[in-house]
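Colleague: This is the structure, below, for whatever I ask next.
The values are calculated or read from the model by the stated rules, or taken from the named source; none is laboratory data. Fair warning: this is a prediction, and the values are worked out from it, not measured in the lab. Backbone-built Cβ (ideal geometry, glycine too); neighbour counts: all protein chains shown.
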Amino acid sequence: MSIAGGMSRAIERALAVRARTLQVFTRNANQWKAKRLLRADVRSFRETWARSGLRAVVAHDSYLINLASPLATLRRRSIRAFAEELSRCEALGIPYLVTHPGAHMGRGVREGCDRVAASLNEARAIAKAASVTVLLETVAGQGTTIGRRFEELARIRDRVARPDLVKVCLDTCHVHAAGYDIVSERGYDQTIQEFDDILGLEALRAIHFNDSKTERGSLVDRHEHIGKGYLGTKPFARMLRDARLNAIPKLLETPKGKDGVVMDRRNLALLRRLWVEGSEG
């Protein structure tokens, strides 16, 4: 949800569409310079959240950050920006910060993963933020981005100084575009088992619910409304009915456009129907 008009406005917007979980940016996601977080803003956000009844609030970091960059200037800037993101989350009381691991820019996946881990360590040295857990997001695999395979996320986590503060966010559109089958029943079971074998289901702390405009294995990241893309409704129904995933916050990142609020309500209504039909069945 947009934070235009103040952080607490995002909570009001979430309630307006009957959401129970919320994802926000704590700053403009497309600019390096961030507006300072005032005490009044923090207090308003915390108080509004406490009254809201929302089950979970998650933050997503800036799209400009590339913790895997081999370019020293960009990497330093990314580390400082990420440390600021950690500090803002801690001030606001947000427990999870989702991040795309970054792009290795031609230097190779292994080197890129190791650089992400080192960058996370450096950011933590600047902003301890022990109350904030970083969620490495699965990615579609466009270009040289890191996180297409579960093994890549595991390599990053295994090389950070505080692996207990690094968990995972699974994006349905991204894993589909990366080549994992979550549409067929057998494919879904295999994908979840592979995730558990490599990362552990206990590491899964958030799920982005997005359909995909592109076919499986396309490596192209294009989100679509639930049931309107190549995923259809089946994988979402399975996830909603999967007892292992019950307690995990599930968040829409479907297209907004001019009718964003209308489509948010429609997507949520469809997901609720899928859940009710599954629980009755």
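Colleague: Kindly provide the set of residues from the stretch 105-114 that are on the phi < 0 side of the Ramachandran plot and surrounded by fewer than 24 Cβ atoms within 10 Å (Cβ to Cβ), ordered by number.
Modeller: Answer for the stretch 105-114, where residues must be on the phi < 0 side of the Ramachandran plot and surrounded by fewer than 24 Cβ atoms within 10 Å (Cβ to Cβ): Arg107, Val109, Arg110, Glu111, Asp114.
Colleague: Can you pull out every residue in the stretch 80-117 that is small (Gly, Ala, Ser), touching a Lys or Arg at 6+ places or on another chain (Cβ under 7 Å) and in a helix (DSSP H, G or I)?
Modeller: Result: Ala117, single match.
Colleague: Among the residues of the stretch 57-74, what is the count of those that are buried (at least 21 other Cβ atoms within 10 Å of the Cβ) and either outside any loop (DSSP other than H, G, I, E, B) or modelled with pLDDT under 95 (or both)?
Modeller: Going through the stretch 57-74 one residue at a time, the tally reaches 4.
Colleague: To continue, here is another question. Within the stretch 22-42, track down each residue that is within 17 Å of the chain's Cα centre (by Cα) and surrounded by fewer than 17 Cβ atoms within 10 Å (Cβ to Cβ).
Modeller: Asn28, Ala29, Asn30
Colleague: Of all residues in the stretch 155-195, which are under 17 Å from Val109 (Cβ atoms) and surrounded by fewer than 18 Cβ atoms within 10 Å (Cβ to Cβ)?
Modeller: The answer is Asp158, Arg159, Gly179.
Colleague: Scan the stretch 45-56 and tell me whether some residue there is surrounded by 21 or more Cβ atoms within 10 Å (Cβ to Cβ), outside any loop (DSSP other than H, G, I, E, B) and out of contact with any Cys (no Cβ under 6 Å at 6 or more places or on another chain).
Modeller: Scanning the stretch 45-56 turns up at least one residue that is surrounded by 21 or more Cβ atoms within 10 Å (Cβ to Cβ), outside any loop (DSSP other than H, G, I, E, B) and out of contact with any Cys (no Cβ under 6 Å at 6 or more places or on another chain).
Colleague: Separate question: Within the stretch 72-88, is there a residue that is closer than 20 Å to Leu170 by Cβ and either among the charged types (D, E, K, R) or free of Cβ contacts under 8 Å to residues at least 60 places away in the same chain (or both)?
Modeller: no
Colleague: Taking the residues in the stretch 17-44 that are in contact with a helix residue (DSSP H, G or I) (Cβ under 8 Å, 6 or more places away or on another chain) and in a helix (DSSP H, G or I) as candidates, determine which candidate is nearest to Tyr96 (Cα to Cα).
Modeller: Selected residue: Val42.
Colleague: Considering only residues that are closer than 23 Å to Leu245 by Cβ, touching a helix residue (DSSP H, G or I) at 6+ places or on another chain (Cβ under 7 Å) and not in a loop (DSSP other than H, G, I, E, B), which ones fall in the stretch 118-136?
Modeller: Residues satisfying the conditions are Thr133, Val134, Leu136.
Colleague: Being modelled with pLDDT under 95 and either touching a Phe, Trp or Tyr at 6+ places or on another chain (Cβ under 8 Å) or closer than 23 Å to Leu135 by Cα (or both) narrows it down to one of Pro235, Pro255, so name that one.
Modeller: Unique residue meeting the criteria: Pro255.
Colleague: Return a yes/no flag: does the stretch 125-140 have any residue that is touching a residue at least 12 places away in the same chain (Cβ under 8 Å), touching a Ser or Thr at 6+ places or on another chain (Cβ under 8 Å), of a type in the set (Ser, Thr, Tyr) and more than 18 Å from Ile94 (Cα to Cα).
Modeller: Within the stretch 125-140, not a single residue is touching a residue at least 12 places away in the same chain (Cβ under 8 Å), touching a Ser or Thr at 6+ places or on another chain (Cβ under 8 Å), of a type in the set (Ser, Thr, Tyr) and more than 18 Å from Ile94 (Cα to Cα).
Colleague: What is the one condition in (1) among the small types (Gly, Ala, Ser); (2) crowded, with 18+ Cβ neighbours inside 10 Å; (3) at pLDDT below 95 that Ala10 does not satisfy?
Modeller: Result: Ala10 fails condition (3) only.
Colleague: State which residue is surrounded by the fewest Cβ atoms within 10 Å (Cβ to Cβ) when the search covers only the stretch 139-154 and only residues that are under 15 Å from Leu204 (Cα atoms) and within 15 Å of the chain's Cα centre (by Cα).
Modeller: Phe150
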